[in-house]
Amino acid sequence: MRVHVIGLGGAGGRIADRLAADSDGDRFLQGVNAFDTDAAALDALRSIDESRRHRFGDAAGGGGLDGDLHAARRLGDAHASELGRAMDDQQPSLAEAFVLVVGLGGGAGAGAAPALAEELTRLYDVPVYAVGLLPTPAESEPREPDSPRASATDDSGERPPERPLAEKNAARTLDALSDRCAAVFPFDNAEWLRPGEGIADARDRLNAVVTERVAALFGAGEADDAESTPQQVLDASDVARAVGDDGEIAAIGHATQAVEPPESGSRFGLGLFGSAEPAAVDTSEAVSAIETTIRKATRGKNTVAVPEGRADRTLLVVGGPPAWLNREAIADGRRWLADETGSGAILSGDAPVPGGEEVFALVVRSGIDEPPRIREIRESIA
């Protein structure tokens with residue numbers, strides 16, 4: 001499907017920039033923009049053309065907002081129409097969906113995302129999805145209590161400690177995006193950190209994971225030529241049916257397994273007169289590769305935890321060299337996935353990659369129980 005990706009704020013801009021740099025990006029990117037109040041953050045981007053980076057909010061003086069969500073919301077409301085117009089040169093009306101990428105715990109991006117989602121929904125009859133990066137518990141220091149809560153005390157007479165600012169921003173932004181977007185895809189940074197690793201050290205690696213999964217989902221149905229045309233085509237309506245349209249949380253699982261590309265042989269089996277059809281792949285190896293990747297994509301680390309693995313709706317995409325895409329194995333994997341998730345609706349597609357060297361599986365679940373990290377974040381404003 002063809003999507004228009006908008007990176008909002010520093011974190012969102014970096015991921016949008018990475019998507020633009022991907023050599024396969026043209027397969028599914030109808031357009032790409034980066035919007036921020038911070039001129040330096042925009043200048044640091046390398047793959048999004050300068051004409052498609054837009055600084056908004058002169059009131060910020062060209063810098064960031066230091067996590068001030070209230071100021072960012074005001075700027076977002078004031079400049080949403082301006083941001084919409086900044087996309088016009090890329091024919092956004094041709095997009096089958098818009099994807100907002102934003103760090104939920106920040107200021108500028110988190111504040112502007114809900115207003116832009118509302119503006120895009122008003123202008124275009126296609127879904128708006130949000131990819132939101134969750135802050136780690138250590139990402140911000142506790143803020144001094146504001147005046148209305150300065151006198152608040154708990155049962156012991158002591159003033160309760162303030163939650164980190166980033167978590168409060170994330171809770172409010174999650175709620176606002178759920179009200180305005182068809183679906184929200186959170187990415188739990190804390191879950192993906194290695195022992196002893198800080199977010200600054202892991203940023204490039206985590207951004208690569210987000211980019212890979214966004215590209216796997218929205219690029220799955222795009223074919224460059226007849227040889228890579230899927231037998232079971234995944235289109236924008238399939239994604240919309242799988243993730244819903246009422247702002248639900250959705251999780252993306254992805255797994256790959258390296259395989260040997262089938263060798264080409266001659267028509268006479270002697271290596272004479274040029275190459276012919278690729279040699280057949282061993283059926284048991286193809287079945288094993290498909291089963292392994294589906295199970296890893298389902299039970300492995302997802303963009304956000306899926307409690308008990310259950311979901312109301314599930315989307316499965318299996319891709320790789322055409323000779324490895326065993327139809328019976330994919331059908332078996334789909335049945336296993338239905339049992340594993342308890343989903344009443346399983347949608348699926350395939351993604352042939354001629355000349356590819358790996359089999360991959362993409363599993364998207366929507367209508368899931370609230371992940372523990374999101375519950376923890378939402379409790380920060382309870």
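Every number in this text was worked out from the coordinates using simple rules, so none of it is lab data. Treat the numbers as computed from the prediction; the structure is a model and nothing was measured. Cβ placement follows ideal geometry from the backbone for every residue including glycine, while neighbour counts extend to all protein chains displayed.
Things worth noting here:
- Long-range HN-HN contacts of E358 with modeled amide H, under 5 Å: V259
- Prolate/oblate/rounded label for the range 276-382 (Cα gyration tensor, a/c 1.5): prolate
- Förster radius 41 Å - calculated FRET efficiency between A331 and E82 (Cβ-Cβ, nearest 0.05): 0.25
- Per-residue ³J(HN,Hα) for the range 91-100, Karplus 6.51 cos²θ - 1.76 cosθ + 1.60, θ = phi - 60°, Hz, x for Gly and Pro: 6, x, 5, 8, 6, 8, 5, 10, 10, 8
- Computed from backbone phi, the HN-Hα couplings of the range 122-133 come to 5, 8, 10, 9, 9, x, 10, 10, 10, 9, x, 8 Hz, rounded to whole numbers (Karplus: 6.51 cos²θ - 1.76 cosθ + 1.60, θ = phi - 60°; Gly and Pro given as x).
- Neighbour cut-off at most 14 other Cβ (10 Å), DSSP loop, GluC sites (Glu not before Pro), the range 277-376: E357
- Between the range 318-380 and the range 34-102, the Cα center-to-center distance that results, in Å: 33
- Nonlocal amide H pairs with R2, under 5 Å, H built at 1.01 Å: E96
- Our coupling estimate for the range 205-219, obtained by passing each phi through the Karplus curve with A = 6.51, B = -1.76, C = 1.60 and θ = phi - 60°, is 5, 5, 4, 5, 5, 4, 4, 4, 6, 5, 5, 5, 6, 7, x Hz, Gly and Pro reported as x.
- Note on A44/E370: beta-carbon distance plugged into 1/(1 + (r/R0)^6) with R0 of 25 Å gives a FRET efficiency of 0.10.
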